[in-house]
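Novice: Quick one: this structure, given as structure tokens, is what I'll be asking you about.
Please treat every number below as a calculation from the coordinates, not as lab data. Everything numeric here is computed off the predicted structure, so don't read it as measured data. Note that we place each Cβ from the backbone using ideal geometry, even for glycine, and neighbour counts take in every protein chain shown.
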Amino acid sequence: MNQKESFVIEGLAEERSLSGTVKVHGAKNAALKAMAASVLFAGPVELRNVPRNNDIETLSKILIRLGAKVAWQDDGALSIDTSAMSSTDIDAELAGSMRASVVLTGPLLARFGKVTFPAPGGCVIGARPIDLFLAGYEKMGATVTLDAGACVYRIESAKKLSGAEMFFNKVTVGGTETLMMTAVLASGKTVLKNCAMEPEIANVAEWLVSCGARIEGIGTPTMAIHGSGGALLQPRESYEAIPDRIEAGSFLILGALCASRLAIEGCRPDHLDAVIGVLRGSGAKIETAASRIVVEGSAGPEAYAAIADLRTHEYPGFPTDLQPVIVAYLTQASGESRIFETIYEGRFKYIEDLQKLGASITVMNPREISVKGATPLRAMAGDGDLTAHDIRAGFAVVMAALCGSGTFTVSNVHLIDRGYERLEQQLAALGASVQRIKAA
Ligand code: EPZ
């Protein structure tokens with residue numbers, strides 16, 4: 001992964017000139033968890049529709065360093081065999097670049113009785129603690145110690161983990177799926193309350209059930225898991241990742257702003273009710289079918305209306321991961337929009353890039369902004385240098401550049417590569433001028 005790559009983008013100058021079809025990849029945030037769940041199995045598992053992005057590659061490397069065999073098959077499936085795993089020390093450098101590595105800790109602890117790992121890395125979007133994971137492990141009988149010097153957590157359980165009842169005082173996607181997977185091998189029943197209900201969790205849970213796990217309440221706020229007492233799962237069925245709703249939603253918003261007509265194929269419109277509702281409420285023309293969404297962009301500064309009160313929310317509410325993208329869209333809607341980021345307290349770093357292009361955005365507090373539109377976006381005084389601050393903020397500034405006037409450079413595109421597969425090729429196929437270059 002080259003840290004010093006950038007995109008050079010020619011703005012469309014408010015023309016909705018893109019058009020074509022985008023095929024959605026498998027969901028990164030589902031496939032990563034299925035990869036972690038491979039530790040629960042006695043033999044090799046086959047994962048299908050796994051996207052090939054940097055996060056997937058990073059987790060593959062972490063698994064290989066733990067002694068797993070990980071290989072892409074000729075048919076595109078990812079095969080993972082953890083039967084010869086020999087270590088439970090998660091690589092600090094690799095884990096430092098991706099928070100999802102913390103999801104591995106539960107399966108490793110459940111199977112081997114111990115795990116060590118660094119404080120999780122990933123996107124710099126708020127503190128993102130892991131107290132709910134650690135509290136869960138302790139409830140199941142493990143002991144957690146923090147080696148403050150090395151900033152490494154050591155978790156051990158002298159005997160098999162036992163089932164427990166837990167209430168998440170914050171809805172946590174990673175916490176829900178990790179403790180669900182941990183409970184699969186524990187002895188006895190685990191009840192998880194106030195669970196996250198993202199479809200990626202159900203996607204992995206249903207696969208585990210097809211391979212013998214006993215999980216009830218999938219997709220609801222309360223799940224009950226009847227543990228095997230240590231017996232590993234048998235890989236009876238392959239796993240198939242659901243379509244990535246965040247990738248689909250990203251292109252849906254981009255299509256409304258920059259395309260005359262954009263079809264998004266191989267997606268799950270039913271996973272995007274909140275996003276489609278917000279866009280339609282703002283005046284976007286959107287048609288949906290079983291696995292396809294078509295959006296027709298409207299031109300002119302009056303084309304879209306502002307959103308008076310938009311709040312991000314756990315699924316099925318408006319996804320925090322599309323907050324940066326919808327904010328970039330709202331700079332082109334007429335009127336004042338108010339956006340409340342209820343999940344993270346540090347997810348507005350990209351605002352300064354949009355303000356640099358002329359967007360009228362006020363940060364009221366770490367969780368609330370006001371956007372006044374529509375404002376044309378341009379490289380003010382010839383300065384079109386932008387930065388990708390995280391995966392989704394990176395997509396937002398690329399989209400802002402595309403609907404602006406002038407030439408723009410977006411640096412740190414390795415962060416965009418964590419969640420999108422060759423975004424520049426996808427955009428070029430729609431008619432955009434986006435070049436990937438080695439930064440100077
Ligand atoms: C997942 O992160 C996603 N990542 C994130 O997407 C997404 O933004 C997030 O869910 C919310 O939807 C993956 O699935 C790999 P959380 P996760 O645990 O699981 C607090 C992307 O772009 N919390 O639901 O880490 C936490 O601080 C990424 O792909 C605790 O306080 O999110 C946050 O405020 C960006 N203690 C809130 O819960 C804990 O022990 C939600 O976090 C755990 C979480």
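Novice: If I take every Cα pair under 8 Å that is 6 or more residues apart in the chain, average their sequence separation and divide by the length, what percent do I get for the relative contact order?
Specialist: Here the relative contact order equals 21 percent.
Novice: Given ALA439, LEU78, THR21, which one lies farthest toward the positive end of the charge dipole of the chain, if we put +1 on the Cβ of every Lys and Arg and -1 on the Cβ of every Asp and Glu?
Specialist: The residue sitting farthest along the positive end of the dipole is LEU78.
Novice: Using Cα pairs under 8 angstrom and six or more residues apart, how large is the relative contact order of region 311-365, in percent?
Specialist: 37
Novice: Another question, then. What GluC sites (Glu not before Pro) does region 258-354 have in DSSP loop regions with at most 15 other beta carbons within 10 Å?
Specialist: Those satisfying the criteria are GLU302, GLU345.
Novice: Further question on the same structure: For the chain, take the longest principal axis of its alpha carbons; what is the angle in degrees between that and the long axis of helix 391-402, to the nearest 10 within 0 to 90?
Specialist: 10
Novice: Report for the chain the percent antiparallel among DSSP-assigned beta bridges with both residues inside it, nearest 5.
Specialist: 70
Novice: What FRET efficiency do you get for ALA119 and GLU302 if R0 is 51 Å and r is their Cβ-Cβ distance, rounded to the nearest 0.05?
Specialist: 0.60
Novice: Here is a further query. Could you work out the relative contact order of region 1-56? I mean the mean sequence separation of Cα pairs under 8 Å and 6+ apart, divided by the number of residues, in percent.
Specialist: Result for region 1-56 is 40 percent.
Novice: Any chance you could check the Cα centroid distance between region 319-364 and region 400-440 for me, in angstrom?
Specialist: Distance between centres, Cα-based: 20 Å.
Novice: Also, I was wondering about something else. Quick one: of the DSSP bridges fully inside region 323-420, what percent are antiparallel, nearest 5?
Specialist: Given both bridge residues lie in region 323-420, the antiparallel proportion sits at roughly 75 percent.
Novice: Continuing with this model, one more query. Antiparallel as a % of all DSSP beta bridges within region 121-247, to the nearest 5?
Specialist: Taking every DSSP beta bridge with both residues in region 121-247, the antiparallel ones total about 75 percent.
Novice: When Rg is the radius of gyration of the Cα atoms in the chain and Rh is its Kirkwood radius, what does Rg/Rh come to?
Specialist: Rg divided by Rh gives 0.98.
Novice: Using a 7 Å offset from the Cα along the Cα-to-Cβ direction at both LEU146 and LYS23, what is the distance between the two label points in nm, to one decimal?
Specialist: Roughly 4.6 nm, to one decimal.
Novice: On a full-extension model of 0.36 nm per residue, what is the gain between THR222 and SER210, subtracting their alpha-carbon distance, rounded to one decimal in nm?
Specialist: Using 0.36 nm per residue and subtracting the Cα-Cα distance, I get 2.3 nm.
Novice: Now for a separate question. Kindly provide the trypsin sites (Lys or Arg not before Pro) of region 141-205 that DSSP labels as loop, not H, G, I, E or B, and whose Cβ sees at most 15 other Cβ atoms within 10 Å. The partial results should precede the final answer.
Specialist: Details: sites: ARG154, LYS159, LYS160, LYS170, LYS189, LYS193; in loops: LYS159, LYS160, LYS170.
Sites meeting the loop and neighbour criteria: LYS159, LYS170.
Novice: Quick check: Cα centre of region 146-184 to Cα centre of region 54-100, how many Å?
Specialist: Centre-to-centre (Cα) distance: 20 Å.
Novice: Cα to Cα, under 21 Å, and not fewer than 8 places away if on the same chain: which lysines meet these conditions relative to LYS139?
Specialist: The reachable lysines, counting only those whose Cα sits under 21 Å from LYS139, are LYS114, LYS159, LYS160, LYS170, LYS189, LYS193.
Novice: So which GluC sites (Glu not before Pro) in region 167-242 end up in coil per DSSP with only 16 or fewer other C-beta atoms within 10 Å?
Specialist: The qualifying sites are GLU237.
Novice: For the chain, what does -39500 (n - 2.57) per DSSP helix run (n ≥ 4), summed and divided by total residues, give at 222 nm, in deg cm²/dmol to the nearest 500?
Specialist: That calculation yields -8500 deg cm²/dmol at 222 nm.
Novice: Give the calculated FRET efficiency between THR342 and ALA290 to the nearest 0.05, with a Förster radius of 35 Å applied to their Cβ-Cβ distance.
Specialist: Calculated transfer efficiency: 0.65.
Novice: Quote the charge dipole size of the chain about the Cα centre in Debye, to the nearest 20; the model charges only the Cβ of Lys and Arg (+1) and of Asp and Glu (-1).
Specialist: 640
Novice: Now for a different question. Can you figure out the FRET efficiency of GLU93 with GLU15, using R₀ = 35 Å and their beta-carbon distance, to the nearest 0.05?
Specialist: Efficiency, rounded to the nearest 0.05: 0.20.
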